Amino acid sequence: TSWNRVTVKSAISDTRHSLLLRLPDPHDIAAWDQFVAIYQPLVFRLARSKGFQEADAHDIVQEVLLAVAQAIHRWEPDPAQGRFRDWLFRIARNLMINFLTRRKTQSLAGSESFAELVELQLQANEFDAEATREFELEYRREQFWLAADIVRQQVKPHTWEAFRLTAIEE
């Protein structure tokens, strides 16, 4: 079977768009399974890359998935408001910042000064810029592996292995 980048990109985009249309139905278990399979590793790796311990990263993933489940019915595909992954990233970013802020304010035990609150905001802004870049990189990696899986199913095993060794493993 022949394929090209446009075909693979189209298959991934169509699947994601159709998947997003199915997510507002809480009874569509297959859609949620697919969503979790795509985005759980992405959010987890982002949290780990930001220095969260493994258990905390798992907690953040659960909070993100819960937030998406509660808000997905309000999300509308609108290019003017950004892509779905931008919306998902904002949810993940906000939850990670909240997690850091909760931890910091708990350790301050109610003795926050104005300077400490300003420092928390500066850290959040720095976190935001770096996390945006990392989320985009993780998203592109995830897209690559989804496309690679499509290709691997369409070529002979030795062809895939040759590609893997030369293009991926260098």
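The values are calculated or read from the model by the stated rules, or taken from the named source; none is laboratory data. Keep in mind it's a predicted model, so treat the numbers as computed, not measured. Glycine gets a Cβ as well: all are built from the backbone with ideal geometry, and neighbour counts include every protein chain shown. Just the protein is used for accessible areas: all its heavy atoms, side chains included, with ligands, DNA and RNA removed. Shrake-Rupley method; radii C 1.70, N 1.55, O 1.52, S 1.80 Å.
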### Message
Return the pair list, or none, for Cβ contacts closer than 7 Å from residues in region 23-43 that are in contact (Cβ under 8 Å) with a residue 60 or more places away in the chain to residues that are open to solvent by 10 Å² or more (accessible area, probe 1.4 Å) and not hydroxyl-bearing (Ser, Thr, Tyr), at least 6 apart or on different chains.
### Response
Ile38/Glu142; Pro41/Glu142; Leu42/Glu138; Leu42/Glu142
## Note on the structure
Counting only residues that are among the charged types (D, E, K, R) and open to solvent by less than 80 Å² (accessible area, probe 1.4 Å), region 16-58 contains a total of 5
